[in-house]
Amino acid sequence: MIRIQNKQIQIPIIQGGMGVGVSLSSLAGNVALCGVMCVISAAHPGYDRLDFRKNQVKANIEALKYHIQRAKEIACQRGMVAVNIMVAGNHYKEYVQASIDEGKTLLAPIVSSGRAMKLILKIWDKRYQYTPDFVVIEGSDAGGHLGFKKEELFNKTCESLQKILDDVQNEINPYEEKFQKHIPIFVAGGIDSGKKIAEFMKLKATGVQIATPFIATYECDAHQNFKDAIIHANASDIEIVKSPTGFPGRAIVNDFVRKTRARGNITMKNCLHCMISCTPEDTPYCISEALIQSVKGNVNNGLIFVGSQAARIKSMKHVSDVIDEYMKEMEDNL
């Protein structure tokens, strides 16, 4: 049993948030039903609503509230339901408020270095007299946007997940003492086996965050074509790609990625105005549109974010089977 402040989960796993539309209420609710903390992505959860193109903020807020409620109904009071919200997105405040309206009360940053953790702890303490309820560390093998420099990823000079865990723990220790509360730490990025979970728990991590393995599940909210792209991907298909956010990302190199690399920057005709850092006149592509197309099944014209170990996934499974396999191997190695 894992206790996080006044709440608890039965299994030391967080299902990572995946957007656009990959981890909504079907995946999240069924994950939570297994006693795991699930995460709904707040990246355009209303992408499939009729009014999305006319009023995306309204559509997204209504969809976010709907998916939180539905996930809780599916979960039957098991596990925990969380929401992943990108601070770099426009309307961040509105999406946070919508989540709180539906009962989200714990706060957790995602970091990729001890330095980032130190800065967050200092600012939260100074401005709000508060400290994180738990922390997620994403290493360089994670999928989607990564908190590392492009050169570090290409040259494979990123700090190891173990080193980052040590650094983050050292930064957290004084704040645990000051606020008189335990701050659980979950590690993420390339956690492709129960053996790795056991290894990090022996290093004093509370648990792990896993995302990509949940894509090829029957309960995942993405289109089957999206899931099949994961199943059929080879290790050579997975690379670091350029993103309009300014952060490097890890994705499957498909027709869309090859086309954007060949064309260079393009001018957006129908900008969704969703990213603070995006400038439509010189963006390499609209990342929201690319993610929407892929989750709808138009995978050759969309972006498919995955973790470094995605090529090991070769078949469809139920969420419960994915979790059971991880847990059995973890227990065998503890």
Filtered residues of the stretch 303-323 (kept if within 23 Å of Asp237 (Cα to Cα) and out of contact with any strand residue (DSSP E or B) (no Cβ under 8 Å at 6 or more places or on another chain)):
Gln309, Arg312, Ile313, Lys314, Ser315
Identify, please: which residue in the stretch 84-116 is in contact with a Ser or Thr (Cβ under 8 Å, 6 or more places away or on another chain) and farther than 18 Å from Pro184 by Cβ and is, among those, surrounded by the most Cβ atoms within 10 Å (Cβ to Cβ)?
Ile85
Tell me, please, whether a residue that is open to solvent by less than 70 Å² (accessible area, probe 1.4 Å) and either under 23 Å from Ile14 (Cα atoms) or modelled with pLDDT of 95 or more (or both) can be found in the stretch 276-290.
no
May I ask you to verify whether Cys34 is over 20 Å from Pro213 (Cβ atoms), open to solvent by 30 Å² or more (accessible area, probe 1.4 Å) and modelled with pLDDT of 95 or more?
no
Lys163 passes all but one of (1) out of contact with any Lys or Arg (no Cβ under 6 Å at 6 or more places or on another chain); (2) in contact (Cβ under 8 Å) with a residue 12 or more places away in the chain; which number fails?
(2)
Taking interchain pairs and intrachain pairs at least six residues apart, which have beta carbon atoms under 9 angstrom, with the first residue in the stretch 298-313 and without any contact (Cβ under 8 Å) to a residue 24 or more places away in the chain and the second part of a loop (DSSP other than H, G, I, E, B) and open to solvent by less than 10 Å² (accessible area, probe 1.4 Å)?
none
Which residue is surrounded by the fewest Cβ atoms within 10 Å (Cβ to Cβ), if the candidates are limited to the stretch 142-158 and must be assigned to a loop (DSSP other than H, G, I, E, B) and among the basic types (Lys, Arg)?
Lys156
So, of the residues in the stretch 74-83 that are over 15 Å from Phe134 (Cβ atoms) and in contact with a helix residue (DSSP H, G or I) (Cβ under 7 Å, 6 or more places away or on another chain), which turns out to be surrounded by the fewest Cβ atoms within 10 Å (Cβ to Cβ)?
Cys76
State whether the residues of the stretch 59-66 include one that is surrounded by fewer than 20 Cβ atoms within 10 Å (Cβ to Cβ), touching a helix residue (DSSP H, G or I) at 6+ places or on another chain (Cβ under 8 Å) and of a type in the set (Phe, Trp, Tyr).
yes
Note on the stretch 25-45: residues in a loop (DSSP other than H, G, I, E, B) and over 12 Å from the mean Cα position of the chain (by Cα) are Cys34, Gly35, Val36, His44, Pro45
Test: Gly144 is at positive phi and touching a Phe, Trp or Tyr at 6+ places or on another chain (Cβ under 8 Å):
yes
For the stretch 73-92, which positions are modelled with pLDDT of 95 or more, assigned to a loop (DSSP other than H, G, I, E, B) and within 20 Å of the chain's Cα centre (by Cα)?
Gly79, Ile85
Assess whether Lys122 counts as being open to solvent by 80 Å² or more (accessible area, probe 1.4 Å), at pLDDT 95 or above and out of contact with any helix residue (DSSP H, G or I) (no Cβ under 6 Å at 6 or more places or on another chain).
yes
Quick check on this structure: which one of Gln69, Gln8 is surrounded by fewer than 19 Cβ atoms within 10 Å (Cβ to Cβ), of a type in the set (S, T, N, Q) and part of a strand (DSSP E or B)?
Gln8
Residue count, the stretch 243-272, condition at pLDDT below 80, crowded, with 16+ Cβ neighbours inside 10 Å and more than 17 Å from Ser294 (Cα to Cα), comes to 3
Yes or no: the stretch 129-137 includes at least one residue that is open to solvent by 40 Å² or more (accessible area, probe 1.4 Å), out of contact with any Pro (no Cβ under 7 Å at 6 or more places or on another chain) and not in a loop (DSSP other than H, G, I, E, B).
no
List the pairs whose first member sits in the stretch 57-72 and is within 15 Å of Ser26 (Cβ to Cβ) and of a type in the set (D, E, K, R), whose second member is at pLDDT 95 or above and crowded, with 16+ Cβ neighbours inside 10 Å, and whose Cβ atoms are under 6 Å apart, counting only residues at least 6 apart or on separate chains?
Arg70/Ser25; Lys72/Val81
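The values are calculated or read from the model by the stated rules, or taken from the named source; none is laboratory data. Small disclaimer: the values here were computed from a predicted structure and weren't measured. As a convention, Cβ positions derive from the backbone with ideal geometry for all residues, glycine included, and neighbour counts pool all protein chains shown. The area values use the complete protein model at the heavy-atom level, side chains included, leaving out ligands, DNA and RNA. Shrake-Rupley method; radii C 1.70, N 1.55, O 1.52, S 1.80 Å.
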